[in-house]
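Data block below; observations after.
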Amino acid sequence: MIEVLAKLGRGPVFLAGEVLECMITFTNPLSASSTSASSEMLAWASAQIHCQFHASENRVALPPSDGSKHDVQAENETVFVPNRGERGQCILSTPPKILFCDLRLDPGESKSYSYCETLPIDGPPSFRGQSVKYVYKLTIGCQRVNSPIKLLRVPFRVLVLHGLKDYQFPQDEAVAPSNPFLEEEEGLKKDSRLADLATELLMVATSRRSLHLYNISNTRGKVGTFCIFKTVYKIGEDVIGTFNFSEGDIPCLQFSVSLQTEESIQEEFQRRRGQPVSFSTHARHQEACLHTAQSSFSLPIPLSSTPGFTTNIVSLKWRLHFEFVTSGESAGTCLVRGSQSEAVTWTGVEQMEVDTFSWDLPIKVLPTNPILASYVSQFSTTNSITI
């Protein structure tokens with residue numbers, strides 16, 4: 001028996017273009033003093049990253065894949081196929097890397113191997129939607145002599161930030177920012193600078209603030225105004241907006257604001273022409289606001305959510321969805337006097353005419369620092385199997 005343990009060095013979330021590093025340890029757990037202790041042998045072990053794509057058959061019409069040869073190989077238990085037994089299609093994979101051949105482990109002995117691979121910068125982000133899914137995994141394949149291959153899968157999350165692909169690192173290392181007290185390998189140094197560049201790009205894109213003022217009106221007149229100071233955010237930030245109903249001609253009885261994503265399939269891949277778009281609500285604020293002059297809301301963008309993106313099959317966009325309930329009568333008829341005695345009691349009317357209308361405001365949501373997103377990730381940094 002051999003225990004195989006895979007541990008991601010930094011966490012389960014990465015930016016496309018970063019280097020993923022995983023430490024893989026093979027251990028013969030039996031101690032030398034055990035009566036059944038004996039040396040264990042592995043013929044080979046290999047590792048590979050792949051992205052698995054799965055689409056809903058009711059919503060997405062995919063062209064027939066020409067992966068028949070690949071499927072034949074997948075039936076052979078002596079061939080290393082990282083996505084064997086998984087649903088969907090493998091749309092992206094890195095070259096497999098052999099960790100070792102003919103490994104012998106004495107009782108109680110263990111050996112570790114470091115696997116490093118750059119994540120493709122032009123791949124899709126990790127996404128689990130209503131119509132499609134993009135799932136990234138690191139698969140370690142191990143085989144004993146004359147035995148089937150055993151697979152250890154380590155799922156992780158990938159964030160995609162547009163603009164990193166076109167960036168050229170300086171050729172002159174002397175002018176590039178560096179820490180003179182640390183000796184880093186070239187790959188790790190570039191990876192660190194890539195993360196720093198991503199943080200800088202995100203900071204610049206999401207720190208711009210300017211007043212965006214919108215008039216809220218229906219067919220009968222002005223209800224109020226809405227103010228927001230920016231429309232570009234990172235996941236993990238709060239979307240904050242304010243309302244001013246004091247200048248409105250039509251009383252607003254209630255409003256709600258929903259933070260939503262809009263998942264749409266590209267027209268050529270739609271199962272039915274003109275099929276509806278899928279919406280998901282991530283946060284919602286609702287408030288009764290009759291006789292309220294001003295109000296506000298704060299909606300957090302979950303760190304576990306997917307930033308907006310577009311592929312050849314699907315696009316994901318973010319928006320604020322507003323719903324307003326306004327009075328169909330004048331403001332003076334909203335209350336009635338309950339008694340003519342000295343103690344006057346005012347009560348609300350039991351029934352009143354209302355009008356409802358909605359409004360959508362598109363916003364842009366970008367990734368954040370992958371280390372920050374790792375804190376709420378559902379994926380574990382450590383996975384293991386026993387062979």
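The values are calculated or read from the model by the stated rules, or taken from the named source; none is laboratory data. From a predicted model like this one, the values you see are computed outputs, not experimental measurements. Because the Cβ atoms are built from the backbone with ideal geometry, glycine has one as well, and the counts that use them run over all protein chains shown. These accessible areas exclude ligands, DNA and RNA; they are computed on the full protein's heavy atoms, side chains included. Shrake-Rupley method; radii C 1.70, N 1.55, O 1.52, S 1.80 Å.
Looking at segment 237-259, is at least one residue β-branched (Val, Ile, Thr) and surrounded by fewer than 17 Cβ atoms within 10 Å (Cβ to Cβ)? Taking every residue of segment 237-259 in turn, at least one turns out to be β-branched (Val, Ile, Thr) and surrounded by fewer than 17 Cβ atoms within 10 Å (Cβ to Cβ).
Applying the set (1) open to solvent by less than 90 Å² (accessible area, probe 1.4 Å); (2) under 30 Å from Ala55 (Cβ atoms); (3) touching a strand residue (DSSP E or B) at 6+ places or on another chain (Cβ under 8 Å); (4) modelled with pLDDT under 95 to Ser217 leaves exactly one unmet item: (2). Taking first residues from segment 222-240 that are assigned by the TED database to the domain that holds Cys252 and without any contact (Cβ under 8 Å) to a residue 24 or more places away in the chain and partners that are surrounded by fewer than 19 Cβ atoms within 10 Å (Cβ to Cβ) and part of a loop (DSSP other than H, G, I, E, B), the Cβ contacts under 6 Å between residues at least 6 apart in sequence or on separate chains come to Phe229/Arg209.
No other residue among Glu262, Glu287 is of a type outside the set (Gly, Ala, Ser), at pLDDT 95 or above, more than 16 Å from Leu361 (Cβ to Cβ) and not assigned by the TED database to the domain that holds Gly129 apart from Glu287.
Run down Leu152, Leu99 and say which single residue is touching a strand residue (DSSP E or B) at 6+ places or on another chain (Cβ under 7 Å), open to solvent by 10 Å² or more (accessible area, probe 1.4 Å) and of a type outside the set (S, T, N, Q).
The unique qualifying residue is Leu99.
The condition of being more than 19 Å from Phe324 (Cα to Cα), open to solvent by 40 Å² or more (accessible area, probe 1.4 Å) and either more than 29 Å from the chain's Cα centre (by Cα) or basic (Lys, Arg) (or both) holds for only one of Arg284, Arg271, that being Arg271.
In this structure, does Thr225 turn out to be among the hydroxyl-bearing types (Ser, Thr, Tyr), buried (at least 17 other Cβ atoms within 10 Å of the Cβ) and under 30 Å from Leu15 (Cβ atoms)?
no
Screening segment 328-387 for strands (runs of 3 or more DSSP E) wholly inside it with 1 or more residues that are at pLDDT 80 or above returns the ranges 354-366, 382-386. Against the criterion of being among the hydrophobic types (A, V, I, L, M, F, W, C), at pLDDT below 95 and either open to solvent by less than 20 Å² (accessible area, probe 1.4 Å) or part of a strand (DSSP E or B) (or both), Leu30 does not qualify. Residue under question is Phe169, and the condition is that it be over 20 Å from Ile385 (Cα atoms), among the aromatic types (Phe, Trp, Tyr) and at pLDDT below 95; does it hold? It is true that Phe169 is over 20 Å from Ile385 (Cα atoms), among the aromatic types (Phe, Trp, Tyr) and at pLDDT below 95. Would you be able to say whether some residue in segment 98-106 is of a type outside the set (S, T, N, Q), at pLDDT 90 or above and part of a loop (DSSP other than H, G, I, E, B)? No, segment 98-106 has no match at all. When the strands (runs of 3 or more DSSP E) confined to segment 213-285 are screened for residues that are in contact with a Phe, Trp or Tyr (Cβ under 8 Å, 6 or more places away or on another chain) and closer than 21 Å to Val160 by Cβ, those reaching at least 3 such residues are found at 252-265.
Checking each residue in segment 109-163 for being outside any strand (DSSP E or B), of a type in the set (A, V, I, L, M) and under 24 Å from Thr382 (Cβ atoms) picks out only Leu119.
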